[in-house]
Amino acid sequence: MTDPFLDQALTLRALRQGDLDSLFPHVKDHLRIRSDHAWRLLSPFFDAARAEHRSLEGFDADFHEFLHRVAGQKRNGDRAAPNTIRTRLGAMSALYTYLQDTGVLSAHPMRGIHRPAKTLRAAPAPDRSAVAQLHRQTRATPDLHAALILIDEHAMNVTELLSLTWGHLNLPRGELARRAGPTRLSPAAEAALKPLYEAQGGFMTDDHAIDLRRRVFPWRQETELRAAIMQACRAAPLPYLSPAELRRAGLRDHPHTPESAGYAREDGARQLARATRLAREVAEQLGAPEEGQEKSNGREKRQADA
C-alpha cells in the first residue's frame, strides 16, 4: 500500500537524522500503539541515533546490536527487563513495517532480529481461606460453584469452562474428556457437578435424557463469568478474585498429576511443574506457611518420581 500523505524523501531524511519530531505526526496513527506510549518507546532509539550520528534506515552491519543496546538500557543506566526490551523492539518493528508497507523502505531492517523470551510475572494467588470462603458463598448458585470447583480442583481455564458440554462428561463414571486426554474427576468436582447433571435429567434410566451438545455452564463470554465471580466476591465479602488467580491457587494448593490438571502425558510433568512453580513463586517469596511448603516439596518429589 502507499500513503499519499507520507513524503518518502522527508521520511528518509528523518530516519537518517534521528528526527522523531518530524516523523512522528505522520506515523503515530498507524502503529496500533497509543501515541504517548509510542513516543516513549521510540524516542530512545532516535535520541541515541542522533548522539551517535547513526542513520535509522538500518543498513549498518551492527544495526541489530545497536537496537538491542538501546532497548536494553534504562534512562538511569540500569539494565531493562526482558519484557521492556521486547516492547521497545516491537515499537520499532511496527514503525519499520509501516514504512516498508508504504514504500519508504524496500526491506524490513529488523528481519531476523533476536528478541528476549517473554517473562511471566507471577502475581500472588489468593489465600486458601479466601478461596474456601468464596466456595461457601457460591453453594447456593450451583453453576458458579461447579465452575469454581473445576478451576480449583482441575486447573481449568476460562476457555475450557465455557466450551464444556455434557458430551465431555461421563458423570456416572466420574470422567471428563479434555484436550490432552481423559481426566478422573475429583470427589469435590463430582459433587459440584451432580446438581447440574440432575437438573438436565441425568441419572435417569433413559440414556438420552441429556442433550450432549448442550453447554454445561450458562456464560457465553469470559466477561459474564467474571461478573458472576465479582458479585459472589462482593457478597462474601472478598476482594475480586479473577479466574486466573483462582487457577493459580488451585495449582499451588492441590497435589496435581498431569492428568488431573489437564496436561498431555508426553510433556505433562514438565508443564505442570513449571505452572506449579509459577503459582507458588510469589507466595514462597512472601513466606508461605510451612505446611504449604511441605505440600509443594512432596508434590515436586512425586512429579520427579513420575
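What follows is calculated from the coordinates using simple rules that are stated; it is not laboratory data. This structure is a prediction, so every number in the text was calculated from the model and none was measured. Using ideal geometry, Cβ is built from the backbone for each residue, glycine included, and neighbour counts are taken over all protein chains shown.
Go ahead and run the numbers for FRET between Ser163 and Ser43, Cβ-Cβ distance against an R0 of 30 Å, rounding to 0.05.
Rounded to the nearest 0.05, the efficiency is 0.10.
How far, in nm, would the chain grow between Arg139 and Ala209 when pulled straight, counting 0.36 nm per residue and subtracting the alpha carbon separation?
22.7 nm
Over the Cα atoms of segment 50-143, each weighted equally, I'd like the Debye log10 I(q)/I(0) at q = 0.10, 0.22 Å⁻¹, rounded to two decimals.
Treating every Cα as an identical point scatterer, log10 I(q)/I(0) equals -0.47, -1.18.
Bin width 10 Å, origin at 0, all Cα-Cα pairs of segment 1-93: what percent of pairs per bin?
In order of increasing distance, the bins hold 15, 48, 32, 4, 0 percent.
Calculate, for Ala191 and Lys118, the FRET efficiency according to 1/(1 + (r/R0)^6) with r their C-beta to C-beta distance and R0 35 Å; round to the nearest 0.05.
0.35
Using the Kirkwood formula on the Cα atoms of segment 83-241, what hydrodynamic radius do you get, in angstrom to one decimal?
Averaging 1/r across every pair of different Cα atoms and inverting gives 19.2 Å.
Rounded to whole Å, give me the distance from the Cα center of segment 147-183 to that of segment 42-61.
53 Å
Expected output is a single nm value to one decimal: the length gained when fully extending between Arg75 and Glu57, i.e. 0.36 nm times separation in residues minus the C-alpha distance. What is it?
Gain on extension, Arg75 to Glu57, equals 4.1 nm.
Give me the Å³ per residue figure for the convex hull around the C-alpha atoms of segment 176-262.
Here the figure is 137 Å³ per residue.
On a full-extension model of 0.36 nm per residue, what is the gain between Glu198 and Ala132, subtracting their alpha-carbon distance, rounded to one decimal in nm?
Full extension of this stretch gives 21.3 nm more.
What FRET efficiency would be calculated for the residue pair Asn170, Ser22, taking the C-beta separation as r and a Förster radius of 41 Å, to the nearest 0.05?
It comes out at approximately 0.05.
Are there trypsin sites (Lys or Arg not before Pro) in segment 78-152 that DSSP puts in a loop and that have at most 11 other Cβ atoms within 10 Å, and which ones?
Arg111, Lys118, Arg121, Arg139
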